[in-house]
1. Taking each pair of different alpha-carbon atoms in segment 128-215 once, compute 1/r for the pair, average those values, and report the inverse of that mean as the Kirkwood hydrodynamic radius in Å to one decimal.
2. Two decimals is fine: what's Rg over Rh for segment 219-302, C-alpha atoms, Kirkwood radius as Rh?
3. Can you give the alpha-carbon Rg of segment 2-61 over 2.2 N^0.38 Å, where N counts its residues?
4. Along the three principal axes, how long is segment 263-303 when you take its alpha carbons, biggest first, rounded to the nearest angstrom?
5. Of the listed pairs K276/K298; K27/K142; K234/K276, which have alpha-carbon separations greater than 19 Å here?
Amino acid sequence: MKADRLIGILSILLQEEKTTAPELAEKFEVSRRTINRDIESLCKAGIPIRTSQGTGGGISIMDGYRMDRTILTSRDMQMILAGLRSLDSISGSRYYSQLMEKLQSGSSTFISGRDSMLIDLSSWYKSSIAPRIEVIQSAIEKRNQLEFRYYAPSGESTRAIEPYYLVFKWSSWYVWGWCTAREDFRLFKLNRMDDVAETNRRFDRRSVPLPDLSNEKIFPGGIRVKALFAPDMKWRLVEEFGPHCFSEADDGRLFFTADYTDMDNLVSWILTFGAKAEVLEPAEVRDRIRHIAEAMEKTYRRN
């Protein structure tokens with residue numbers, strides 16, 4: 001659309017000192033004649049555009065020009081500021097707060113008093129996560145390898161990776177990078193990392209695939225669980241699995257079904273419900289919970 005193209009051209013002219021008609025034509029996939037007409041339209045709209053011919057010539061906006069109105073709508077600004085606040089909630093510095101102040105400067109009537117979205121990405125581990133994020137960001141920017149101690153279900157190990165992305169997903173922070181030990185891209189959870197350090201070993205950027213963050217990839221299932229929960233546990237099932245994860249049984253309890261990935265995590269989760277949960281399947285889970293309950297009963301009887 002012409003309006004979108006005009007906004008795009010104006011954005012380029014505001015950001016770059018000078019450009020040319022052929023460059024704009026190639027970028028927007030139109031003819032030079034169309035670009036010339038667009039420039040004429042911008043001039044008629046009051047944008048002081050200057051053109052010069054010959055070597056070193058091009059298209060630019062006159063020095064000192066400042067737009068009276070932003071090309072972003074009020075809602076656009078609200079989304080930008082909400083995003084910056086969310087990043088500031090986990091930042092170890094005031095960088096994002098200072099950036100917000102720059103955006104708000106001179107635009108108070110445009111955005112003040114209209115904030116309606118607050119996002120806090122810091123979780124309960126802000127004091128430990130924020131320093132790790134700062135180290136990882138520095139390593140990504142400088143292309144230095146990271147080293148850290150990693151605690152996985154399979155055991156502890158020291159890892160060295162080429163970091164590429166910080167990822168926030170499932171209420172947790174991760175780093176996506178090339179693992180030198182596995183010689184493949186891996187996703188590491190920040191809560192399981194310790195002694196995170198940026199090294200002096202630089203790396204050349206690889207062709208990086210984006211991490212597959214789908215539930216099917218990260219939580220592939222494989223353990224089909226069926227369980228009954230007390231009616232007053234409905235709020236937890238809804239919060240953790242959604243309102244369609246259960247149906248009401250004849251005795252009023254909630255019949256729950258889901259796919260789980262890890263047996264240990266499943267058993268630990270069920271135990272948080274105490275006597276208000278009864279696993280029906282798999283039988284192995286029933287047996288493990290029974291053995292745990294018997295061992296706990298002996299412990300507390302002895303004491």
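Just so it is clear, none of the values below were taken in a lab; they were calculated from the coordinates. Everything quoted here is computed from the prediction, not taken from an experiment.
1. 13.0 Å
2. 0.99
3. 1.00
4. So the extents along the principal axes, rounded to whole Å, are 32, 17, 16.
5. As for pairs spanning more than 19 Å Cα to Cα, those are K276/K298; K27/K142.
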